[in-house]
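Student: Structure incoming, see below.
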Amino acid sequence: MSIEIGVPIISARGLSFSYNPQVQHSVPALRGIDLDVYPGEYLAVIGHNGSGKSTLAKHFNALLRPTAGEMRVMGLDTREPANTLAVRRTVGMVFQVPDNQLVASVVEEDVAFGPENLGLPDKELHERVEWALALTGMAEYRHRQPHRLSAGQKQRVALAGVVAMRPKVLVLDEATSMLDPEGRREVLAVVRRLNDEGMTIVAITHSMDEAAMGDRVIVLELGRIVLEGTPRQVFSDVETLRTLQVGVPQVTELAFELNKRDPAFPPEALTVGEFVGAVEETMALRSRQASAGERGTFGQSPAVQAGQSLPSPAAAEPLLQVHNLHHAYLRGTPLETVSLRGVGLEVSRGEAVGIIGRAGSGKSTLVQHLNGLLRPREPGRVQVAGHDLSNLGVDVRRIRQKVGLVFQYPEQQLFERLVGDDIAFGLKKLGMPRAQRRERVCWAMTAVGLDFETFKDRYTFSLSGGEMRKAALAGVLALRPEVLILDESTSGLDPRSRRELLDRLLVLNREEGLTLVFVSPSMEDVAELVGRVYVLDDGRVALSGPVREVFAQEVALRRHGLGVPQIGEVAHRLRQRGIAVEGEPLTVAEGVEAIWKTLSS
Amino acid sequence: MKEGTLSVRKIVLAAVLSAIAILLGWTRLGFIPVPTPAGNATIMHVPAIIGGVMEGGLVGGLVGTLFGLFSFLQATVPMFKDPLVAVLPRILIGVTAWLAYAGLKRVNEYLALVVSAAVGTLTNTIGVLTMAVLRGYMAPGVAWTVGLTHGLPEIVVAAILTVAIVAAWKRVETGRGEAKM
Amino acid sequence: MEDFELLRYVTVGQYLPGDSLVHRLDPRTKLSVFLFLTLAATFSLSYTANAVLVLVTLGLVLLAGIPLRYILSGLRPALPIIIALAILQLLFYGGHYVPYGLESRTLFQWGWIHVTNGSVQLVVVSMLRFVVLLFLTSLLTNTTTLTGLTHGVEAMLRPFARLGVPAHELSLVATVALRFVPLLAEQLEIILKAQASRGASIAHQGKLRFVSTARQVAVLIVPLFVDAFRRAEDLILAMQARCYVGGRGRSSYVHLEFARGDYIAYGAGLLFALAILALRNRFPV
């Protein structure tokens, strides 16, 4: 519905903003933004952390006001305090963390909070709540307590609370970044529907697939709009996007790389469907050329065999073994919930293993058994490097030193004032002498990419989000564990920080031989990092095996609430159309090679 | 856009601090073992002190009130099942802490925090014990003993925590900044 | 061993679903009657008044269908302290206390120990009062949801809004506090687990004993506060974005309605409490 006609609903002119304008030479978060948002359009805003996206989002509904230039919503100047309420009625906003935007302890009462603030009369109030609950599919949960819902459901409650105020514009400030694939699909489906019904959407996002949903994309960098256009126009500039470190959808990158090898390959593809179309087109073109006897530019490429080498069977010494593990929370109370129903798992030394599954499938419960935070109950067994954890006499502290566990949002788990002290926390608990501690801290910081001298005396609370994660990871690494478990520790990061963290993990696993257990909602990250994968659903192992074999089973994965990496989906769709693809490519590099072969054969 | 006496900020901070106070009482995390005959020092009043210091007497008073109400509702000993002992003195914790802080912060931020923690703690200890004696739950002699054995460690612990929490949040850089590791 | 998990039990308030007469009363009625009777109990010093109160509240507890065993089960851990304090009072308090409605008389004296009819009365009356208040809080919290209570408080404060009492704001503080307790409990569980994973030993003596030193507490509490403040900043923005500008001009989704039973209960509670307070100096002892 890209309609650049009519009067813009939101209009920024020379908009600049600085968090502390009094301080001279302070770096402004926004510098001279000119932007019009038109009624009914779906605008995506991308850019890495610190580019100013969220600051811009907060200007749309007068949570922040420009320090220079102006921002108008329906013609109303947001700097005028008298306009604030009218602006906020026009522009609704859903934030990143579902939990931190709900007010009441009953779903329907929370949805009613906004309409109550508008002072709506009783009848309309109830109609609005009813409508919003139905729209978001939360009607059956209306009497539930938000903290007993999944993250995706909570976010739909937050969405319901905003749309119940019937705003003309809906701003999503990274609203899906903390959700699992299923929760994300549910939320995006609602957003799509609202847009179809005429609501203007402004989506601030790290997800390039989501950005591709927009009618228009703008890219921010250092507080300025550096690219603007339809997703097709913006994503065609892959080189620029790479230097901006925002990333592009995997299929776009794939098309770009293939186009470099053969200019005849259409350089732009935004969706899997378009890419598959492009492959077919190119093949048709080639076969015509071939029949005309013009076998020119296509030869075998210098095939770089990408992918992970599985550990050789000789080295496969089992390090973690889980048999028939069961677990229930709140056992013996009315709130008892079964989390694991007979899970088995085996991890060998030096391996990288992934655990995936929808929210509530039991992933976290499983990994907390691996370092003795939870103990196995009969008949379950957990063995770590030969130690049986059902034996109560086993020294859990030694187990926890062998098996390092990093939780979700590790930045919330820094305990000490100074970075160096925080990383040394565990070493001190072990009673390690000071000189040795210092050496270890230095090693761990280097391993995660934090410079020792620069960061050791920094205050933990002054670090950026990405740096905090690295510090938290270093705190676990400092103990020199044999196994490192990451429980969704990479979610919510911007593409640049995620890339850096993944690269560090790859080095630790491939070069230092650190065994990895990687729990992640991102199928792309799992595909890149691990050799084998376990899919959990409802407390059971639903699928397991080498990552390629598991990701080949697209239908089964969808049934378990998961997706596959875009590249995997491409291969799957091509095969459905009778086009042979060699192997099971999962990453962009592998995809380029595999499809190049297909094209060349 | 006019907000009433209680701004959104004050409402939310009072709520969050009350939630912590309730949680500290509920989990018994609010009772710290100390090496005195009393055995336990309480820190459940610290959120009220923080509320007073960060957001003023009204927020401090609200946090104290909610903390008092919950300790009254959940009490399992006669002394705290009396609203005059459990609720009344707690209302004042955040208020006196705020007064101390407001009076001293121009002199020295660090000193103001320590003193307000001490004043808030004393308000709690003296208030509760006085009411307990007045209401006949405790003989004055016992109250003195409890006051001395509890009061001192509680002041120390509350001061340490108040400074650490406010510093962490305001990112006030207190003391020397070199990691000992 | 699974100490961490106990945090999941956090349920502030102990609502027991039911359909008794007491359950069906308007929260405002229950809050008011609770207030009246609490005042009556707090300021009654005689055996008789407190005995009457025990009987009446016991009757209400039975009417509400709350199992007595449930109410008393919470007392078990505190029993040693209760008994110890009662004995201290009984033995050492005699000299300080003038009994209500009686001539002061020494029953037993030996060294420091001084038992009078005053200290006996004090102990017995404070025990009776304890039972009354225990029954009253149970009647309030076991038959009303916490959301119901906050709505009740808001509605009861509303008339005072004209005097400048921020009725809505005060109840919103309670609403948001209740919303945050389970959230922060979860966060505390994560902090504990993260620290345990990095080698902190968590003390295991008894239930819900996480710490053995003040140092451990600081390392647990400071991150908890910082997390709470971070969430608070988010919530402030979210509430502003949802057009919250204070209680003025707001409408209300939940409506409380007084039924006939409420008028009767309210009136009866008020009269009874007034009678107890008015007659406080006329009870035999």
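Student: Express the relative contact order of segment C:2-278 as a whole percentage, based on alpha carbon pairs under 8 Å and six or more residues apart in sequence.
Tutor: 32 percent
Student: A follow-up question, please. Under 17 Å from the 7 Å Cα→Cβ point of C:Val165, by amide nitrogen: which residues of segment C:243-266?
Tutor: C:247-248
Student: Oh, and also: To make sure I understand the rule: partners must be lysines, Cα under 22 Å from the Cα of A:Lys260, and not fewer than 8 residues away in the same chain. Which ones qualify?
Tutor: By straight Cα distance, A:Lys260 reaches A:Lys597.
Student: Could I ask something else about it? Straight-line reach from B:Lys81: which lysines have Cα under 19 Å away, leaving out those fewer than 8 places along the same chain?
Tutor: C:Lys30
Student: Place a +1 charge on the Cβ of each Lys and Arg in segment C:2-278 and a -1 charge on the Cβ of each Asp and Glu, then give the dipole magnitude about the Cα centre in debye, rounded to the nearest 20.
Tutor: The dipole magnitude comes to about 140 debye.
Student: How large is Rg/Rh for segment A:473-560, to two decimals, with Cα atoms and a Kirkwood Rh?
Tutor: Checking Rg against Rh, the ratio lands at 0.98.
Student: Roughly speaking, what is the centre-to-centre gap between segment B:70-136 and segment A:536-560 when only Cα atoms are used, to the nearest Å?
Tutor: Each part's Cα centre sits 57 Å from the other's.
Student: If you don't mind, there's one more thing I want to ask. What's the FRET efficiency of A:Arg232 with C:Leu39 using the Cβ-Cβ distance as r and R₀ = 56 Å, to the nearest 0.05?
Tutor: 0.15
Student: Here's another thing I want to ask about it. Please grab the % of Cα pairs in segment C:2-278 that end up more than 32 Å from each other.
Tutor: Roughly 46 percent, once rounded to a whole number.
Student: Just for the Cα atoms in segment A:10-242, what are the lengths along the principal axes, largest first, rounded to whole Å?
Tutor: Answer, in whole Å and largest first: 50, 41, 31 Å.
Student: With a Förster radius of 22 Å, plug the Cβ-Cβ distance of A:Thr240 and A:Arg261 into 1/(1 + (r/R0)^6) and report the FRET value to the nearest 0.05.
Tutor: 0.65
Student: Roughly what would the spin-label model give for A:Val394 and B:Glu178, points 7 Å off Cα along C-beta, in nm?
Tutor: Each label point lies 7 Å from its Cα, and together they span 4.3 nm.
Student: For the pairing of chain B with chain C, what total accessible surface becomes buried, with a 1.4 angstrom probe, in square angstrom to the nearest 100?
Tutor: Adding both sides of the contact gives about 5600 Å².
Student: Now, a different point. Report, to the nearest whole %, how much of the accessible area of the protein assembly as shown belongs to carbon and sulfur atoms, 1.4 Å probe, protein only.
Tutor: 58 percent
Student: Continuing with this model, one more query. What are the semi-axes of the equivalent ellipsoid for chain A, taken as the square roots of 5 times the Cα gyration tensor eigenvalues, largest first, in whole Å?
Tutor: Sorted largest first and rounded, they come to 39, 34, 26 Å.
Student: Here's a follow-up. Compute the accessible area per residue over the protein assembly as shown, keeping the other protein chains in place, probe 1.4 Å, unit Å².
Tutor: Value for the protein assembly as shown: 40 Å² per residue.
Student: Still on this structure, please answer the following. Could you compute the net charge surrounding A:Val519? Neighbours are other residues with a C-beta less than 10 Å from the C-beta of A:Val519; K and R count +1, D and E count -1.
Tutor: -1
Student: May I pose another question? First select every other residue whose beta carbon is under 11 angstrom from the beta carbon of C:Ser252; then total the charges, Lys and Arg +1, Asp and Glu -1.
Tutor: -2
Student: Hey, which aspartates and glutamates would be in cross-link range of B:Lys170, C-alpha to C-alpha under 18 Å, not counting anything within fewer than 8 residues on its own chain?
Tutor: A:Glu411, A:Glu416, A:Asp457, B:Glu55, B:Glu109, C:Asp227, C:Glu233, C:Asp234
Student: Within the protein assembly as shown, what percent of beta bridges assigned by DSSP are antiparallel, to the nearest 5?
Tutor: 60 percent
Student: A further question follows. For chain C, modelled as a Gaussian network with Cα springs under 10 Å, which listed residue fluctuates most, C:Gly74, C:Gly247, C:Gly18?
Tutor: Taking springs between Cα atoms under 10 Å, the residue moving most is C:Gly74.
Student: Next up: Can you pull the one-decimal nm distance between simple spin-label points at B:Val77 and A:Gln289, each 7 Å off the Cα toward Cβ?
Tutor: 8.8 nm
Student: I've got another one for you. Which of the trypsin sites (Lys or Arg not before Pro) found in segment A:516-601 are loop residues per DSSP with 15 or fewer other Cβ atoms within 10 Å of their Cβ?
Tutor: A:Arg577
Student: If you don't mind, another one. Roughly how large is the B-A contact in terms of buried accessible area, totalled over both chains, probe 1.4 Å, nearest 100 Å²?
Tutor: Heavy-atom accessible area buried at this interface is about 1300 Å².
Student: Summarise the long-distance tail of P(r) for segment A:510-549 by giving the % of C-alpha pairs beyond 11 Å.
Tutor: Counting every Cα pair in segment A:510-549, those more than 11 Å apart make up 68 percent.
Student: Classify chain B: rounded, prolate or oblate, from the alpha-carbon gyration tensor (a ≥ b ≥ c, eigenvalue square roots; a/c under 1.5 rounded; otherwise prolate if a/b is larger than b/c)?
Tutor: The shape class here is oblate.
Student: How long is the gain from A:Glu280 to A:Glu80 if the chain were fully straight, where each residue apart is worth 0.36 nm and the alpha carbon distance is subtracted?
Tutor: 66.4 nm
Student: Right, here's the next one. Does the protein assembly as shown classify as rounded, prolate or oblate by the C-alpha gyration tensor (a ≥ b ≥ c root eigenvalues; a/c under 1.5 gives rounded; else a/b over b/c gives prolate, otherwise oblate)?
Tutor: prolate
Student: Turning to a different aspect of this structure: Label C:Thr106 and C:Leu277 with points 7 Å out from Cα along Cα→Cβ: what is the distance between them in nm?
Tutor: The two pseudo-label positions are separated by 3.9 nm.
Student: Let me ask something else. Given A:Lys168/A:Lys470; A:Lys53/A:Lys363; A:Lys428/C:Lys193; A:Lys402/A:Lys456; A:Lys429/B:Lys105, which pairs have Cα atoms separated by over 29 Å?
Tutor: Correct reply: A:Lys168/A:Lys470; A:Lys53/A:Lys363; A:Lys429/B:Lys105.
Student: Does any residue of segment B:135-156 lose at least 10 Å² of accessible area with all protein chains in place compared with its chain alone, and if so which ones (probe 1.4 Å)?
Tutor: Those residues are B:Arg135, B:Gly136, B:Tyr137, B:Met138, B:Ala139, B:Pro140, B:Val142.
Student: Report the charge-dipole magnitude of chain A in Debye, nearest 20, computed about the Cα centre from +1 at each Lys and Arg Cβ and -1 at each Asp and Glu Cβ.
Tutor: 1300 debye
Student: Using modelled amide H (1.01 Å from N, peptide plane; none on Pro or chain starts), what sits under 5 Å from the amide H of A:Val202, excluding residues fewer than 5 places away?
Tutor: HN-HN under 5 Å from A:Val202: A:Leu43, A:Leu170, A:Val171, A:Leu172.
Student: Can you tell me the FRET efficiency between A:Val23 and C:Glu257 if r is taken as the Cβ-Cβ distance and R0 is 60 Å, rounded to the nearest 0.05?
Tutor: E(calc), rounded to 0.05, equals 0.60.
Student: To check my understanding: the extent here is largest minus smallest coordinate of the Cα atoms along each principal axis. What are those three numbers for segment A:318-530, in Å, largest first?
Tutor: 50, 39, 37
The values are calculated or read from the model by the stated rules, or taken from the named source; none is laboratory data. Worth saying up front: this structure is predicted, and the values here are computed from it rather than measured. Heads up, the Cβs are rebuilt from the backbone with ideal geometry, glycines too, and the neighbour counts pull from every protein chain shown. With ligands, DNA and RNA removed, areas are computed over all heavy atoms of the protein, side chains included. Shrake-Rupley method; radii C 1.70, N 1.55, O 1.52, S 1.80 Å.
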